[in-house]
Amino acid sequence: MKKSNKVLIPLFLLSVIFLASCKSSNENEIIIFHAGSLSVPLKEITTEYMDMNPGIDIKLEGAGSVVCVRKITELDKPCDILASADYKVIEKFLVPEYTDWNIWFATNEMVIAYHNRSAYSDIIGPDNWYEILSDEDVVYGRADQNADPCGYRTVMMFKLAADYYGHDELDEILTGKDVNMIRPKGVDLVALLETKALDYIVEYKSVCEQHQLDYISLPGEINLSDPAFEELYNSVSVDITGDKPGETVQIRGSSMIYGLTLLNDAPNREDAVDFLYYFLGERGRSVLQKHGQSLISLYISGPAENIPDKLLELFNR
């Protein structure tokens, strides 16, 4: 028995040391779930931040914003920061159980991207894009409306276009076409376009600029970028799957606003706040702008008294 105890004690101590080392190796990790359209600027910003702060490890997980929140609400995955392409996703799925505020920080717009061999690329424009996407010789891709704001915004854009161009069945025609080319998030479509597997994709302007894609701009009445058309955007809505089987959640159209939040049970709250201060500050915003993200004045949605003091400093400059 004595010989056995001599073996067990060192093994026990080794296991304690191992578990302690695992904990210490992760205590400086910041976990960020983010919209796919933020992948490029976030990669640059986080790399720069980690270079400035040795020992900090930032883990980025990009996905459609709805998928991001479901990792938290359904899979119970640890997360410090969530950055969404639509602030409403935070408010509908995370408030008040997981957080009670979010900061609006940027905007975007819907465009149609193409390549030099896309069918009819020589004639497509803001007045006929919908006719070309409807053509049986054309294959186009879009994001999944149940997973990515880019997906449900695409459907909203089609509904707005039906009224704008006086084509009552346009949204049904376009949403019923090329359904095999729907992908979980908009940025998944970029590779398909670059390899010419698709003629066109409906995408965010920032993503097109990040990947040097050719694209056509669309009228403000349908591209979901202009607050002057907020009432018009509000006239359309899309139902997406909810948290429970068979449940749906209605999302109304609005001008695009990106939002982010710090989760109530963020595993590394202190370091996450420091990173957010950098991300939302002058340097972080300059990187966002460089990669095609349109900036807005920072705005707090929710009770400001619950936001860390360090972040509130950004609103007092």
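Worth a mention:
- Positions within segment 117-132 being among the polar types (S, T, N, Q) and under 28 Å from the mean Cα position of the chain (by Cα), in sequence order: Ser118
- Only one entry of Asn306, Asn234, Asn223, Asn316 meets the criterion of being in contact (Cβ under 8 Å) with a residue 40 or more places away in the chain and either over 20 Å from the mean Cα position of the chain (by Cα) or within 23 Å of Val69 (Cα to Cα) (or both), and that entry is Asn306.
- Segment 149-195, subset among the small types (Gly, Ala, Ser) and free of Cβ contacts under 8 Å to residues at least 24 places away in the same chain, residue farthest from Glu209 (Cα to Cα): Gly166
- Close pairs from segment 206-220: first under 14 Å from Tyr114 (Cβ atoms), partner surrounded by fewer than 19 Cβ atoms within 10 Å (Cβ to Cβ) and modelled with pLDDT under 95, Cβ under 7 Å, at least 6 apart: none
- For Thr261: the one exception among (1) closer than 24 Å to Val190 by Cα; (2) within 20 Å of the chain's Cα centre (by Cα); (3) β-branched (Val, Ile, Thr): (1)
The values are calculated or read from the model by the stated rules, or taken from the named source; none is laboratory data. In this text the structure is predicted, and so the values were computed from the model without any measurement. Cβ sites come from the backbone with ideal geometry, for glycine too, and all protein chains shown count toward neighbours.
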